[in-house]
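Taken together, the values in this text are just the output of simple stated rules run on the coordinates, not laboratory data. Quick caveat: nothing in here was measured; it's all calculated off a predicted structure. Cβ sites come from the backbone with ideal geometry, for glycine too, and all protein chains shown count toward neighbours.
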Amino acid sequence: MSMWTAYGSLFEAGQLTKGATLLVHGATSSVGVWAILLAKDRGCTVIATTRKQEKAEKLRSVGADHVLLEHELNEQLKKLAPKGVDCLLELVGPDTIQSLALPNLTKHGSVVVTGVLTKQWAMKEFTPALIPPTRKMTFYSLEPGQEEAEGVERVVGEIVKKVESGTFKPEMFLDKTFPLENVGEAHQYMEDNKAIGKVVVTIP
């Protein structure tokens with residue numbers, strides 16, 4: 001579940017607090033979109049990233065305060081958050097931690113690795129000594145059976161109410177639906193990196 005993965009990444013692993021600054025690296029994924037929604041709901045400032053200019057406006061409509069393109073990311077981030085961000089949600093891959101996350105975290109800030117869109121599963125030549133003593137690096141994934149974890153029912157119930165009330169509109173997190181017979185088109189749509197949010201295949 002994209003929502004719960006985003007929730008766990010931000011508030012369980014990243015310990016994101018009200019009013020903090022969050023950077024979502026790879027924000028057009030379904031987890032990234034939910035991270036924006038949940039963080040803004042907590043009163044956070046959200047900086048989102050994308051590789052494509054045409055996706056920037058959708059990220060703003062979801063709630064991102066600032067949208068940065070990958071080619072200008074480090075330069076613009078220094079201007080927006082000169083003291084660093086409180087939490088960086090890494091959805092692109094751990095191979096960017098040394099060049100992006102650790103230099104741009106504020107004191108006692110956290111980087112949470114949740115995605116591996118680059119398919120690079122590890123940092124090259126990693127040693128714990130790379131992590132500054134006042135920064136935290138952690139990982140989050142939805143483990144089997146975690147749906148039974150304490151607080152899940154309450155959190156999901158609150159989110160459902162906010163979807164029903166229109167606080168979280170379906171068009172914010174749901175990109176496109178495909179009937180089951182067009183599942184190949186759905187996969188191609190994702191492979192072409194066209195989605196911003198969740199792609200759903202409906203079963204009759």
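Of the numbered criteria (1) more than 16 Å from LEU88 (Cβ to Cβ); (2) surrounded by fewer than 17 Cβ atoms within 10 Å (Cβ to Cβ), the one ALA56 fails is (2). In the range 91-112, the count of residues that are free of Cβ contacts under 8 Å to residues at least 60 places away in the same chain, charged (D, E, K, R), in contact with a Gly (Cβ under 8 Å, 6 or more places away or on another chain) and surrounded by fewer than 19 Cβ atoms within 10 Å (Cβ to Cβ) is one or more. Considering the range 1-13, and only residues there that are in a helix (DSSP H, G or I) and of a type in the set (A, V, I, L, M, F, W, C), the residue that is surrounded by the fewest Cβ atoms within 10 Å (Cβ to Cβ) turns out to be PHE11. Scanning the range 59-82 for residues that are part of a strand (DSSP E or B) and touching a Lys or Arg at 6+ places or on another chain (Cβ under 8 Å) gives VAL67, LEU69.
Suppose the filter is under 20 Å from the mean Cα position of the chain (by Cα), part of a helix (DSSP H, G or I) and not hydroxyl-bearing (Ser, Thr, Tyr); does LYS194 pass it? Considered against the rule, which asks whether it is under 20 Å from the mean Cα position of the chain (by Cα), part of a helix (DSSP H, G or I) and not hydroxyl-bearing (Ser, Thr, Tyr), LYS194 comes out as no. When restricted to residues that are within 19 Å of VAL200 (Cα to Cα) and over 10 Å from the mean Cα position of the chain (by Cα), the range 4-36 contains 1. When you check VAL46 against the structure, is it buried (at least 24 other Cβ atoms within 10 Å of the Cβ) and out of contact with any His (no Cβ under 9 Å at 6 or more places or on another chain), yes or no? For VAL46, the condition - buried (at least 24 other Cβ atoms within 10 Å of the Cβ) and out of contact with any His (no Cβ under 9 Å at 6 or more places or on another chain) - is not met. Does the range 14-28 contain at least one residue that is part of a helix (DSSP H, G or I) and touching a residue at least 60 places away in the same chain (Cβ under 8 Å)? No, because not a single residue in the range 14-28 is part of a helix (DSSP H, G or I) and touching a residue at least 60 places away in the same chain (Cβ under 8 Å).
Taking ILE36, is it under 22 Å from VAL160 (Cα atoms), of a type in the set (A, V, I, L, M) and surrounded by 24 or more Cβ atoms within 10 Å (Cβ to Cβ)? Spelling it out, ILE36 is indeed under 22 Å from VAL160 (Cα atoms), of a type in the set (A, V, I, L, M) and surrounded by 24 or more Cβ atoms within 10 Å (Cβ to Cβ). Taking every residue in the range 36-47 that is within 22 Å of LYS198 (Cα to Cα) and pairing it with any residue that is among the aromatic types (Phe, Trp, Tyr), at least 6 positions away or on another chain, the pairs with Cβ-Cβ distances below 7 Å are LEU37/PHE168; LEU37/PHE173; LEU38/TYR7.
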